[in-house]
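The values are calculated or read from the model by the stated rules, or taken from the named source; none is laboratory data. Predicted model, so just to flag it, every value in this text is computed and none were measured. Counting neighbours? That spans all protein chains shown, and the Cβs are built from the backbone with ideal geometry, glycine included.
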Amino acid sequence: MTVVVRWPGSALPPATAESWRADVLARLRGGARLVTLFGRRLGDQVLLTAVLQHPDGALHVARALALADTGYRALTAEHAAAHCFERELVEQTGLPLTDHPWPKPLRYQDRDQAAMADHPFWQLQGKEVHEVAVGPIHAGVIEPGSFRFSCLGEQVHHLEIQLGYQHRGVEARLLAGDPRRHTPLVETIAGDTSVAHAWAFGAALEALADVAVPAAAVAARGVALELERIAMHLAGLSGLATDIAFLQGASSWGRLRTTAINTSMRLCGSRFGRGAVRPGGVRMALTAELRAEVAANLRLLQHDCAHVDDLFFGARSATHRLRGIGTLRPDVAAEIGVVGMAARASGLALDARTAAGGIWHEVPIASVVHADGDCLARARIRADEIRASLAWLSQVLERHPEWPAPPPPLPSLAPGQFVVAIVEGWRGEVVHCLETDERGRLTHAKVQDPSLRNWLGLAVAMRGNEISDFPICNKSFDLSYCGHDL
Amino acid sequence: MNPWRSLRVRRDQGWQYIRDVRAARPAGFVGLPQIAEGTCGAGCQACADVCPTQAISPQPLQLDLGRCVFCTECVAACPEQRIRFTTDPRLAATAPDELQVRPGDAADRTRVRAHALFARLFGRSLRLRQVSAGGCNACELELNATANVNFDLQRFGIEWVASPRHADALVLTGPITATMADAVRSCWEAMPEPRFLVAVGACAISGGLYAEARGVQRTFLADVAPVLYVPGCPPHPLTFAHAILDLLDR
Ligand code: SF4
């Protein structure tokens, strides 16, 4: 879903930081949800933007100018879900915030690794306390990040996750050159979420260029997005099975992922859905031969996944290992702003697809919610979402058997506009906000991967668990490092 | 665990192993490009203009596999249709110059020079330590896939290890972020000799889409030159398999 807010490039927002803060808090107390919050430096002022979603699904944008040396009292003090946004705000704009309970750099942007050596990890005091430091390089073929466990014996009392090792400077890169050519870059923001990011970015550009995407192209995007979801859920389940030494689950879900990503490759040339989405439409051809091949692959996935699910979730050795481990209670998940499949596994019915219109309206997808919030719930939800996506794909491919040719280049972008686009990727909502200046050039690109918010969910879920539970908790959330670090 | 369910899954699984990784051609894969011989229109540089990574130099037309992210924008842009991509996964090279694709290159041009010393030292057992320094998790997933039931590189004695102390080669992905620059160096220094460096993916080889990004710091590569370059965005597991097997002369 996208929302366009016309924002005259020369006019300054009427609100001050104080009235903006009061307005945002009032809306949050009224049941709205914080979607994103960020700032941009304008001389000695900072332009603040908060995007909220009201209970009816409508998005609201609140903007204000804050004085760069005065700042405001952190929303986080009263609304914990703002924690990561306000840490980022301070890091990116230098705006001083008071009363933030966790005022430390989010990703050590524009600094080198030496600066991270002195990261002020939270410390637990006591004679029996010991700390375990892991990272930034981990014992596997995986991205880097730093984990600091404060333990009493085997029990983890607190985990702090410090990231930033993957910070490449995506947002600054998006402002260089013609944004309409940036999709290949956007596809690498979080490489396992290429389609969702490309779609969100494309949708934002299309809103700025006032271009409508043909219904069949939206359907084709949906196909690429759900294939990405299925593939990554299979990868996650395979990893989870590996971590509990359930080898048949590991190898079977693993090879089924191969089928899913090879299906994407047949459609767009890439096992990661790269090239599938381009601003204005899609760049995938669906020939009769391909239609048959895709349909056969979907049938195979449907058939074989059902058997592996039965085996795994019917095995007490597997469910016992996952049940009650890494529990994130629904109220805590809501309080800290967890999104996507992790939120749905903790009982929160948050899914941008249900309100997105287009193909999601034409063929609604069954959104799955589980209540338990533990590793088992996060495993089950992935198996259930695979099933829902496979059923959805079969219907959509039947209704939209012809996909349009690649789109012509987008016309130029309208000046003085601010746009928000949200796409429900496999981890959760991917949010892209773009703003143009009075000449139609991008002045701000704000990229948000669901991982930004969900890493704290993992940290909180680990409390009270044994340190040996960490691998399965980590895998069950399956978060992106580069998506967080940008 | 219910044995009947287990047997049913086993029956579905069948035989997933790619018997001959050297002969396999991934359907639909955007692999080795070919540039047709011929001449470009006067002053035409349409391909270079659309390329997101400056992988193409026009007049005479040449494509750098180390920069290319295989987006195929250049194919559509070329008015003479001189560029096309095959499904050939053999993309790797042992020298930067070998990464250049030129008009009329032979389809089986050798870009990886097998090395007798490498073959002798590592031909029967090669241990790899992977470090991601700004990789987007696509390269990492494909490298993980080399060990899955389909590609199964362990059959050649090639394995991923957790400790740099156990590793013969450092397999680097990502453009090297400033915040990982020290970690990459300490990992390399922790590896016993003989050791070598493999650069995987456009980011690691050339910086790729992040060549000019603010958070990138590539001085490590000025001190340690990769022995093997494995192009792609990300490289297919078969691309990686060919690269290593060619280097080891297997
Ligand atoms: S396929 Fe490679 S050479 Fe062609 S435009 Fe894309 S990155 Fe450049």
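Here is how the numbers come out for the structure above:
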item: Pair list, Cβ under 6 Å, 6 or more apart: segment B:20-45 residue in contact (Cβ under 8 Å) with a residue 40 or more places away in the chain, other residue among the aromatic types (Phe, Trp, Tyr) and within 16 Å of the ligand (Cβ to nearest atom); result: B:Val30/B:Phe70; B:Val30/B:Phe85; B:Pro33/B:Phe85
item: Test: residue in segment A:149-171 that is closer than 21 Å to A:Gly337 by Cβ and assigned to a helix (DSSP H, G or I); result: yes
item: Extreme residue, surrounded by the fewest Cβ atoms within 10 Å (Cβ to Cβ), among residues of segment B:57-77 that are within 9 Å of the ligand (Cβ to nearest atom) and more than 14 Å from chain A (Cβ to nearest Cβ); result: B:Asp64
item: Strands (runs of 3 or more DSSP E) wholly inside segment B:156-250 that include at least 1 residues being over 10 Å from the mean Cα position of the chain (by Cα); result: B:158-160, B:169-173, B:196-200
item: Where A:Ser317 falls short, out of the listed (1) within 14 Å of chain B (Cβ to nearest Cβ); (2) modelled with pLDDT of 95 or more; result: (2)
item: Checking B:Arg8 against (1) outside any loop (DSSP other than H, G, I, E, B); (2) in contact (Cβ under 8 Å) with a residue 40 or more places away in the chain, the condition it does not meet; result: (2)
item: For B:Leu170: the one exception among (1) touching a Cys at 6+ places or on another chain (Cβ under 9 Å); (2) closer than 22 Å to B:Trp188 by Cβ; (3) crowded, with 24+ Cβ neighbours inside 10 Å; (4) at pLDDT 95 or above; result: (3)
item: Residue among B:Pro89, B:Pro33 that is within 15 Å of the ligand (Cβ to nearest atom), within 14 Å of chain A (Cβ to nearest Cβ) and buried (at least 21 other Cβ atoms within 10 Å of the Cβ); result: B:Pro33
item: Residue among B:Glu189, B:Glu159 that is among the charged types (D, E, K, R), in contact with a strand residue (DSSP E or B) (Cβ under 9 Å, 6 or more places away or on another chain), over 30 Å from A:Gly177 (Cα atoms) and surrounded by fewer than 24 Cβ atoms within 10 Å (Cβ to Cβ); result: B:Glu159
item: When residues of segment A:127-179 are limited to those that are of a type in the set (Val, Ile, Thr) and in contact with a Gly (Cβ under 9 Å, 6 or more places away or on another chain), the one farthest from the other protein chains (Cβ to nearest Cβ); result: A:Val156
item: A:Ala216 part of a helix (DSSP H, G or I) and buried (at least 21 other Cβ atoms within 10 Å of the Cβ); result: no
item: Some residue of segment B:41-51 being more than 14 Å from the ligand (Cβ to nearest atom), away from every other protein chain (no Cβ under 14 Å) and closer than 18 Å to B:Tyr229 by Cβ; result: no
